Amino acid sequence: MSELCHESLLKEFPEAQWDEAAGAVILPAANARTIAEWLLASGWDYCSNVTGVDYLEVEVKEKITNDAGETETVPRIEAGRIDVVYHLYSMANKTGPLVLKQRTGREGATAESLTPVWRSCDLQEREVYDLFGVDFKGHPDQRRILMWDEFEGHPMRRDYTEPFDYEWEPTPHAEILAKHQRGKVIV
Amino acid sequence: MSILGGGIFKGMAVTLRNFIGSYFYKERLTTNDYEWRAKDKLPQSIGDYPKEEGEQLRDTTTVNHYSRNFPMLLHDTGEPMDTIRCVACQICERECPPQCIYIEKSTEKKENADGKPQFYPAKFDIDVSVCMSCQICVEVCPFDAIVMNSQFELSTPNRFGGLLVRRDDLLKSNDYYHKIHPQEAAARDQKMVADKAAKEAKKKAAAEKAKAAAEARAAAAAEAEAKEDTE
Amino acid sequence: MITAALNYELLQQEGLETSLLEISMGPHHPSTHGVFRMDVKLDGETVVELRPVFGYLHRNHEKLAENMTYLSSMPFTDRLDYFNSMTNNWAYALAAEKLIEVEVPERAEYLRVIMAELTRLVNHVTLVGFFINDLGALGTPLMYAFREREKILDLFEQASGARMMCNYFRFGGLRNDVPEGWLDRTRELVDRFPAFLDEYEQLLCENEIILSRTQGVGNLSRELAINAGVTGPMLRASGVNYDLRKVDAYGIYDRFKFRVPYTDGDTGDCYDRFMIRMLEMRESVAILKQALADIPEGDIIGKVSKVFKPKPAEVYGRIEGPKGELGFYLIADGTTKPYRYRVRPPSLINLTVLRDMCLGGKIADAVIILGSIDIVLGEVDR
């Protein structure tokens with residue numbers, strides 16, 4: 001079936017964007033669920049992989065041509081974001097993958113839960129919630145999954161700093177030793 | 001289809017066959033312990049290779065060609081510290097997945113086995129309580145200085161100090177390496193010789209090229225001079 | 001399916017004084033295959049609510065891998081599903097090879113298939129042993145299974161130097177060639193394996209106790225299985241013909257003739273899942289025979305440097321692991337380390353349907369159902 005490709009999705013929902021570099025469709029936040037339901041109905045019956053990717057705020061330098069016709073390098077600050085990535089396949093037609101992305105800011109990150117559409121997102125979205133701190137709207141049972149309930153912070157975020165909770169052991173590694181000494185002071 | 005209990009009866013027949021068979025065939029034994037091997041044939045971990053043909057399939061304790069337990073440092077024939085191959089480049093320390101290697105580079109250079117002045121590790125510790133025997137350090141080492149030992153009897157009553165193996169305990173001779181991993185050691189030696197030859201050939205070619213270039217330059221200069229003279 | 005509320009209300013209507021019993025099965029429960037907890041609510045012996053709780057083995061494998069070079073995280077993939085280190089290696093190598101575009105030599109491709117199929121034998125034979133163990137047949141079937149597994153692990157040890165944490169695959173091939181005589185020993189083992197399977201089937205497949213304990217227990221419908229992303233033998237037991245060795249034909253699987261066993265009906269129960277694995281072992285033996293007959297001589301690894309910097313790209317590589325689809329999602333950013341490294345663990349995602357299969361059943365059946373899912377906590381928790 002030739003319809004199972006991103007072009008038909010983009011034709012049906014023009015507000016979705018195609019990211020050529022990543023080979024992914026970026027879903028608009030407003031109707032991600034609607035698009036997912038349409039995708040399921042059109043044959044993408046299997047959602048294989050769900051994960052998050054954290055991008056910190058970075059300064060990119062890009063070359064532009066100014067009015068005078070000269071190229072110059074302009075620094076631009078790219079805001080940090082979290083992508084929630086979905087890999088879809090079709091079991092009936094044995095095709096795939098179609099990569100979907102939901103983009104959200106790093107502060108108060110929210111995304112639309114696709115668990116009501118594909119049950120396979122259930123545990124994986126919980127994992128993204130646990131490790132990246134993305135709040136999934138409409139998830140039936142959003143709890144921490146790998147870390148314990150009282151845990152603070154989201155360890156897969158790139159700016160996460162681990163707390164000092166190591167058992168003291170003699171070690172020749174300077175970095176760990178420093179940590180131990182820090183721990184000793186606290187104790 | 002069949003009488004009730006027939007399936008269970010069939011299963012019982014299988015267990016009976018295995019029970020009786022285990023007296024005649026070793027592959028029917030569910031547990032192979034040390035006891036059915038003669039005491040003098042127990043692998044002692046060092047130099048206990050090769051074993052008799054065909055024994056390996058059943059014997060899980062055989063020390064084999066690729067057995068890897070913990071790394072060791074190689075030195076060539078001679079005093080260990082005079083012929084150490086490690087130059088403390090610290091690639092293995094960086095690449096080690098569980099970060100169990102700790103190296104301190106020497107401040108001054110010392111002659112190695114080839115008589116070339118090189119740095120050497122002032123400290124080289126491996127924390128074998130952390131090491132996971134993955135062999136990544138061996139693969140990334142550009143000097144063939146670190147290889148895997150097959151020694152596995154390392155138990156010690158001292159948890160922290162005893163399992164931190166120091167440089168001098170890690171140093172083993174190339175002969176020992178040949179004894180425990182004959183194939184791998186031979187291949188490594190061959191590769192080292194080939195590398196050295198290639199390096200020398202390259203050097204020689206470069207030198208010859210430089211010489212030829214110098215000669216050509218000299219000839220050109222002489223020609224130019226001669227030309228000047230005639231003018 | 002009987003739901004929790006219905007059953008409970010019915011009893012109350014009849015005027016019976018009942019209350020639900022809450023039990024925390026685990027984390028150290030012999031049936032849970034590791035540190036895994038099932039919080040169950042029981043009405044008598046019937047499960048009315050079940051919540052899987054895990055994470056006890058969590059070590060943030062993904063974060064570890066993001067802080068080291070591509071090669072260095074290869075040994076950590078062994079520890080995901082510690083029964084199947086060879087297939088874990090392959091999945092990671094497959095994903096990374098998409099980033100660096102390296103040609104895998106012919107001999108390495110064949111050896112990869114041989115190793116992967118041997119791993120499948122190891123996994124299925126262990127699973128069947130543990131599954132029967134969960135039924136209450138302590139010891140005998142498991143010991144027979146482990147005896148055969150040990151013979152394969154010996155082969156792994158001779159090739160890679162370690163029984164379980166093989167760390168044998170490299171980007172572009174394998175770490176080293178197999179030692180002399182290894183292929184002959186493997187042929188010998190493969191030739192003898194069907195006899196063991198015959199005996200094992202004779203021991204188990206007609207056993208009335210196994211039949212009555214497993215048939216009709218833990219039904220999983222085809223629709224739910226697909227929607228919940230269940231993969232591997234469990235999916236095929238629910239009547240879906242989906243095997244990545246056929247669908248993606250990664251490596252050189254398109255050269256071998258083998259069949260994909262799957263059930264006829266729309267639902268699969270514990271017995272189906274058990275039998276699918278028994279049948280798959282026979283197909284693995286068929287693949288092994290072909291691969292061992294055709295394996296050529298030659299190089300073992302393509303030209304790849306130990307530390308490389310792939311161009312920025314996003315790839316997703318997946319293989320048919322013994323437990324299901326094992327995928328690796330890598331994002332390269334032009335440095336020696338992956339920017340994002342994600343494992344799609346089949347064990348974790350197959351657990352999605354645990355609650356659905358257990359509700360309304362007996363507490364003793366929950367143990368069997370968990371056994372038939374085939375999880376390894378090293379992979380669930382990562």
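The values are calculated or read from the model by the stated rules, or taken from the named source; none is laboratory data. Please read all numbers here as calculations on a predicted model, not as lab measurements. Note that each Cβ is placed from the backbone with ideal geometry, even for glycine, and that neighbours are counted across all protein chains shown. Note: accessible area is taken over every heavy atom of the protein model, side chains too, but ligands, DNA and RNA are not part of it. Shrake-Rupley method; radii C 1.70, N 1.55, O 1.52, S 1.80 Å.
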> Which ones in the stretch C:65-102 are open to solvent by 10 Å² or more (accessible area, probe 1.4 Å), assigned to a loop (DSSP other than H, G, I, E, B) and on the phi < 0 side of the Ramachandran plot?
Replying inline: C:Asn67, C:Met68, C:Thr69, C:Arg79, C:Tyr82, C:Phe83, C:Val102
> How about the stretch C:244-277: which of its residues are part of a loop (DSSP other than H, G, I, E, B) and without any contact (Cβ under 8 Å) to a residue 24 or more places away in the chain?
Replying inline: C:Ala249
>> Can you say whether C:Gly136 is over 16 Å from B:Glu139 (Cα atoms) and not charged (D, E, K, R), as far as the supplied structure shows?
In response: yes
>> So, B:Val147, is that one under 22 Å from C:Arg170 (Cβ atoms), in contact (Cβ under 8 Å) with a residue 60 or more places away in the chain and within 12 Å of another protein chain (Cβ to nearest Cβ) or not?
In response: yes
> Looking at C:Glu188, is it modelled with pLDDT of 85 or more and either farther than 30 Å from A:Tyr89 by Cα or part of a loop (DSSP other than H, G, I, E, B) (or both)?
Replying inline: yes
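With respect to C:Gly321, is the statement that it is buried (at least 22 other Cβ atoms within 10 Å of the Cβ), within 30 Å of A:Lys101 (Cβ to Cβ) and either small (Gly, Ala, Ser) or away from every other protein chain (no Cβ under 14 Å) (or both) true? Talk me through it step by step, then tell me what you get.
On the way: buried (at least 22 other Cβ atoms within 10 Å of the Cβ): yes; within 30 Å of A:Lys101 (Cβ to Cβ): yes; either small (Gly, Ala, Ser) or away from every other protein chain (no Cβ under 14 Å) (or both): yes.
Yes: the conditions hold for C:Gly321.
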> So which of C:Glu297, C:Glu280, C:Glu379 is under 20 Å from C:Arg79 (Cβ atoms), in contact (Cβ under 8 Å) with a residue 40 or more places away in the chain, not in a strand (DSSP E or B) and not hydrophobic (A, V, I, L, M, F, W, C)?
Replying inline: C:Glu379
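Which strands (runs of 3 or more DSSP E) does the stretch A:34-142 wholly contain that include 1 or more residues that are among the hydroxyl-bearing types (Ser, Thr, Tyr)?
Working: elements: A:46-55, A:58-65, A:71-78, A:81-90, A:95-105, A:110-112, A:135-137.
Fully inside the stretch A:34-142 and qualifying: A:46-55, A:58-65, A:71-78, A:81-90, A:95-105, A:110-112.
Quick test for you: out of C:Phe131, C:Phe156, C:Phe193, C:Phe146, pick the one residue that is aromatic (Phe, Trp, Tyr), without any contact (Cβ under 8 Å) to a residue 60 or more places away in the chain and in a helix (DSSP H, G or I).
Every option except C:Phe146 fails the conditions.
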> Which one is most open to solvent (accessible area, probe 1.4 Å), of the residues in the stretch C:133-158 that are more than 7 Å from chain B (Cβ to nearest Cβ) and among the aliphatic types (A, V, I, L, M)?
Replying inline: C:Leu138
> How many of the residues in the stretch C:159-178 are outside any loop (DSSP other than H, G, I, E, B) and more than 8 Å from every other protein chain (Cβ to nearest Cβ)?
Replying inline: 4
>> Among the residues that make up the stretch B:117-137, is at least one of them more than 27 Å from C:Cys166 (Cβ to Cβ), under 15 Å from the mean Cα position of the chain (by Cα), crowded, with 19+ Cβ neighbours inside 10 Å and more than 14 Å from chain C (Cβ to nearest Cβ)?
In response: no
> Applying the selection to the stretch C:1-31, what residues are at pLDDT below 70 and among the polar types (S, T, N, Q)?
Replying inline: C:Thr3, C:Asn7, C:Gln12, C:Gln13, C:Thr18, C:Ser31
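Within the bounds of the stretch C:304-311, is there any residue that is assigned to a loop (DSSP other than H, G, I, E, B), among the aromatic types (Phe, Trp, Tyr), farther than 18 Å from A:Tyr89 by Cα and open to solvent by 10 Å² or more (accessible area, probe 1.4 Å)?
Of all residues in the stretch C:304-311, those assigned to a loop (DSSP other than H, G, I, E, B) come to C:304-311.
Narrowing further to those that are among the aromatic types (Phe, Trp, Tyr): C:308.
Next, from what is left, pick out any that are farther than 18 Å from A:Tyr89 by Cα: C:308.
Then keep just the ones that are open to solvent by 10 Å² or more (accessible area, probe 1.4 Å); that gives C:308.
Yes, the stretch C:304-311 has at least one match.
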>> Among the numbered criteria (1) open to solvent by 40 Å² or more (accessible area, probe 1.4 Å); (2) free of Cβ contacts under 8 Å to residues at least 60 places away in the same chain; (3) closer than 21 Å to A:Phe136 by Cβ; (4) over 16 Å from the mean Cα position of the chain (by Cα), which one does A:Arg81 miss?
In response: (4)
>> Condition check: among the acidic types (Asp, Glu), open to solvent by 40 Å² or more (accessible area, probe 1.4 Å) and touching a residue at least 40 places away in the same chain (Cβ under 8 Å). Does C:Glu62 satisfy that?
In response: no
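Evaluate the stretch C:52-61: report whether one residue or more is closer than 23 Å to C:Arg163 by Cβ and either touching a Pro at 6+ places or on another chain (Cβ under 7 Å) or within 14 Å of chain B (Cβ to nearest Cβ) (or both).
Within the stretch C:52-61, the subset closer than 23 Å to C:Arg163 by Cβ is C:57, C:59, C:61.
In the following step, the residues that additionally are either touching a Pro at 6+ places or on another chain (Cβ under 7 Å) or within 14 Å of chain B (Cβ to nearest Cβ) (or both) were identified as C:59, C:61.
Yes, some residue in the stretch C:52-61 is closer than 23 Å to C:Arg163 by Cβ and either touching a Pro at 6+ places or on another chain (Cβ under 7 Å) or within 14 Å of chain B (Cβ to nearest Cβ) (or both).
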> Of all residues in the stretch C:215-241, which are away from chain A (no Cβ under 14 Å) and either in a strand (DSSP E or B) or within 20 Å of the chain's Cα centre (by Cα) (or both)?
Replying inline: C:Gly218, C:Asn219, C:Pro233, C:Ala237
>> Residue under question is A:Gly23, and the condition is that it be surrounded by 17 or more Cβ atoms within 10 Å (Cβ to Cβ), within 14 Å of chain C (Cβ to nearest Cβ) and not aromatic (Phe, Trp, Tyr); does it hold?
In response: no
> Are any residues in the stretch C:225-253 among the β-branched types (Val, Ile, Thr) and in contact with a helix residue (DSSP H, G or I) (Cβ under 9 Å, 6 or more places away or on another chain), and if so, which ones?
Replying inline: C:Ile226, C:Val230, C:Thr231, C:Val240, C:Ile252
> What number of residues within the stretch B:107-125 satisfy the criterion of being within 20 Å of B:Ala185 (Cβ to Cβ) and touching a residue at least 24 places away in the same chain (Cβ under 8 Å)?
Replying inline: 2
> Out of all the residues in the stretch C:32-58, which are open to solvent by 10 Å² or more (accessible area, probe 1.4 Å) and outside any strand (DSSP E or B)?
Replying inline: C:His33, C:Gly34, C:Val35, C:Gly44, C:Glu45, C:Phe54, C:Gly55, C:Tyr56, C:Leu57, C:His58
>> Kindly evaluate C:Ala291 against the criterion of being among the aliphatic types (A, V, I, L, M), open to solvent by 10 Å² or more (accessible area, probe 1.4 Å) and modelled with pLDDT of 90 or more.
In response: no
